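**Q** Quick one: this structure, given as structure tokens, is what I'll be asking you about.
The values are calculated or read from the model by the stated rules, or taken from the named source; none is laboratory data. Keep in mind that what you see is a predicted model, and the values were worked out from it rather than measured. Note that each Cβ is placed from the backbone with ideal geometry, even for glycine, and that neighbours are counted across all protein chains shown. The protein model used for the area step is the full one, side chains on, heavy atoms only, and it has no ligands, DNA or RNA in it. Shrake-Rupley method; radii C 1.70, N 1.55, O 1.52, S 1.80 Å.
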Amino acid sequence: IFRETLSKRGVRVITGLGKYFRQIDKNRNGLLSRAALKEALKVLHLEMPEGDFESLWLILDDSKNDTVDYGEFTHAIFGEMNEYRKTFVRKAYMKLDFSKTGSVPMVDIRKCYCAK
């Protein structure tokens with residue numbers, strides 16, 4: 001049900017969720033508590049019955065450490081990228097990896113990308 005709601009509301013909701021998560025992630029570890037996730041869903045009008053939230057939490061908190069990794073959250077909601085998107089991402093990464101080392105320093109990203 002949650003996945004269906006997100007897909008109906010579109011990219012703006014996911015973008016808003018990501019932005020909100022970054023704002024409340026004060027220590028920048030990418031982890032959210034149960035209360036933070038619940039509040040984020042409330043802020044974006046994605047509230048659900050407590051039982052549904054608990055089911056969602058059990059799925060997302062697979063490590064059972066009472067936190068959810070934002071990356072795992074988005075992966076759980078969207079699943080794997082399709083092959084077209086994976087190919088596109090690989091091509092973009094190869095252009096960014098000037099030195100072909102397998103990692104891309106921020107300096108190289110800044111040369112190619114402007115977020116404005």
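**Q** Given just the C-alpha atoms of the stretch 75-116, how large is their convex hull per residue in cubic angstrom?
**A** Working: hull volume 4.7 nm³, N = 42.
Convex hull of Cα atoms, per residue: 111 Å³.
**Q** Then there is this: Within the chain, what whole-number % of the accessible surface is contributed by carbon and sulfur, with the 1.4 Å probe and all protein chains included in the calculation?
**A** Solvent-exposed carbon and sulfur of the chain make up 59 percent of the total.
**Q** Counting only GluC sites (Glu not before Pro) that sit in a DSSP loop (anything but H, G, I, E, B) with at most 12 other Cβ atoms within 10 Å, what is the longest stretch of the chain containing none of them? Write down the numbers at each step before the final one.
**A** Working: sites that count: Glu47, Glu80.
Longest run free of exposed loop sites: 1-46.
**Q** When the gyration tensor of the chain is built from Cα positions, what are the square roots of 5 times its three eigenvalues, in whole Å, from largest to smallest? Show your work: numbers first, answer last.
**A** On the way: eigenvalues 183, 54, 42 Å².
One finds semi-axes of 30, 16, 15 Å for the chain.
**Q** Next question. I'd like the orientation of helix 34-43 relative to the chain: the angle between its Cα long axis and the longest Cα principal axis, in ° from 0 to 90, rounded to 10.
**A** Taking the Cα atoms of the chain, the angle to 34-43 is about 90 degrees.
**Q** Excluding the sites themselves, what is the longest stretch of the chain that contains no chymotrypsin sites (Phe, Trp or Tyr not before Pro) in a DSSP loop with at most 16 other C-beta atoms within 10 Å?
**A** On the way: sites that count: Phe98, Tyr113.
Counting only loop sites that pass the neighbour cut-off, the longest clear stretch is 1-97.
**Q** I would also like to ask the following. Relative contact order of the chain, please, whole-number percent, based on alpha carbon pairs below 8 angstrom and at least 6 residues apart. Please list the in-between numbers first.
**A** On the way: 56 pairs, mean separation 23.3, N = 116.
For the chain, the relative contact order is 20 percent.
**Q** Right, next: Given springs between every Cα pair under 10 Å in a Gaussian network model of the chain, which of Leu60, Leu32, Leu44 has the largest fluctuation?
**A** Leu44
**Q** Evaluate the charge dipole of the chain about its Cα centre and quote only its size in Debye, nearest 20, assuming +1 on the Cβ of each Lys and Arg and -1 on the Cβ of each Asp and Glu.
**A** Working: 21 positive and 16 negative charges, 195 e Å.
Magnitude of the dipole: close to 940 debye.
**Q** Please tell me which of these pairs span more than 32 angstrom C-alpha to C-alpha: Lys19/Lys86; Lys19/Lys111; Lys19/Lys91? Intermediate values should be presented prior to the final figure.
**A** Values: Lys19/Lys86 23 Å; Lys19/Lys111 24 Å; Lys19/Lys91 26 Å.
Pairs exceeding the cut-off: none.
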